[in-house]
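Q: Structure provided below as structure tokens; questions to follow.
Taken together, the values in this text are just the output of simple stated rules run on the coordinates, not laboratory data. Note that the structure is predicted; figures quoted are calculated from it, not measured. Every residue, glycine among them, receives a Cβ derived from its backbone with ideal geometry; neighbour counts consider all protein chains shown.
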Amino acid sequence: MILFGNPEKQPVAEAMRDFSQFLEGRAEILAHCRIEKCTLDVLRDCDFAVVLGGDGTIISAAKDLSEAQVPVIGVNLGKLGFLAEFSVEEFKRMFADIVSGAAPVEKRMMLGCRVSQGGCEKFRSKAVNDVFVAAGPPFRVIELKIAVDGREVASCVSDGLIVSTPTGSTGHSLS
């Protein structure tokens with residue numbers, strides 16, 4: 001198991017200490033860090049990752065953990081927590097079911113985004129919830145060609161585009 005969170009945020013630092021004590025003798029913690037500090041080799045050795053925080057932390061961690069195919073367990077310490085499956089108390093209550101495999105694992109679709117200009121790749125990323133492409137300064141329209149699995153499906157001229165997975169976009173759903 002691996003614990004992720006931003007220890008610079010007080011509730012997360014406290015939760016990480018609490019989880020470490022709770023897990024003592026119950027599970028081996030391979031790493032206790034921020035997602036960007038873990039190598040792919042460490043991640044691949046994990047059965048699952050517990051991500052402490054809000055939706056932003058969960059989205060960021062899931063994007064990085066997807067490459068190692070590590071299941072993510074979201075524990076809400078943020079404000080909204082649409083993507084977090086558990087509160088701290090619920091996670092502790094469900095822990096035995098989680099480690100025994102009795103708890104269901106829900107697979108989520110992810111998006112891959114690649115921005116190219118003149119045949120040159122300018123940007124590449126994965127997304128759990130959505131991809132938002134917008135025209136930059138001077139904020140004129142841009143021509144977008146949309147492909148799915150390498151096959152062009154649409155093109156448009158607009159000031160931007162939002163493509164969402166079934167997980168959806170917390171921010172855009174609220175707006």
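Q: Over 31 Å between Cα atoms: which of Lys9/Lys122; Lys9/Lys63; Lys79/Lys145; Lys79/Lys122 fall into that group?
A: Flagged as over cut-off: Lys9/Lys122; Lys79/Lys145; Lys79/Lys122.
Q: A follow-up question, please. Over all distinct alpha-carbon pairs, what is the Kirkwood Rh of segment 45-88 in angstrom?
A: Values: mean 1/r = 0.0982 Å⁻¹.
When all Cα pairs of segment 45-88 are included, the Kirkwood radius is 10.2 Å.
Q: Here's another thing I want to ask about it. Which value in deg cm²/dmol, rounded to the nearest 500, describes the helix-derived mean residue ellipticity at 222 nm for the chain, given -39,500 (n - 2.57) per DSSP H run of n ≥ 4 and division by the residue count? Can you show the working numbers first?
A: On the way: 5 runs with 48 residues, N = 175.
About -8000 deg cm²/dmol.
Q: Can you pull out the trypsin sites (Lys or Arg not before Pro) in segment 69-175 that DSSP calls coil and that have at most 14 other Cβ atoms within 10 Å? Each step should come with its number before you reach the end.
A: Numbers: sites: Lys79, Lys92, Arg93, Lys107, Arg108, Arg114, Lys122, Arg124, Lys126, Arg140, Lys145, Arg151; in loops: Lys79, Lys107, Arg108, Arg140.
The qualifying sites are Lys79, Lys107, Arg108, Arg140.
Q: OK, next. How about segment 1-96: which GluC sites (Glu not before Pro) there lie in a loop by DSSP and see at most 14 other Cβ atoms within 10 Å? Intermediate results must be reported in sequence, preceding the final value.
A: Details: sites: Glu8, Glu14, Glu24, Glu28, Glu36, Glu67, Glu85, Glu89, Glu90; in loops: Glu8, Glu24, Glu28, Glu85.
Passing both the DSSP loop test and the Cβ count: Glu8, Glu24, Glu28.
Q: When the convex hull of the C-alpha atoms of segment 34-175 is computed, what volume per residue in Å³ does it have?
A: Numbers: hull volume 21.6 nm³, N = 142.
Considering the Cα atoms of segment 34-175, their hull volume per residue is 152 Å³.
Q: While we're looking at this one, here's another question. Which of rounded, prolate or oblate describes segment 103-162 when judged by the alpha-carbon gyration tensor and an a/c cut-off of 1.5? Before the final figure, lay out each step's value.
A: Working: a/c = 2.23, a/b = 1.90, b/c = 1.17.
Prolate, since a/c reaches 1.5 and a/b exceeds b/c.
Q: Same structure again: Once you've got the GNM for the chain with C-alpha springs shorter than 10 Å, pick whichever of Gly53, Gly136, Gly118 has the biggest mean-square fluctuation.
A: So, out of Gly53, Gly136, Gly118, the one fluctuating most is Gly118.
Q: Once you have a ≥ b ≥ c as the square roots of the Cα gyration tensor eigenvalues for segment 3-77, tell me rounded if a/c is under 1.5, and otherwise prolate or oblate according to whether a/b is larger than b/c.
A: Because a/c hits 1.5 or more and a/b fails to exceed b/c, segment 3-77 counts as oblate.
Q: Now for a different question. Quick one: what are the phi-derived ³J(HN,Hα) couplings along segment 117-127, Karplus 6.51/-1.76/1.60 with θ = phi - 60°, whole Hz, x for glycine and proline?
A: 9, x, x, 10, 6, 9, 7, 8, 7, 10, 8
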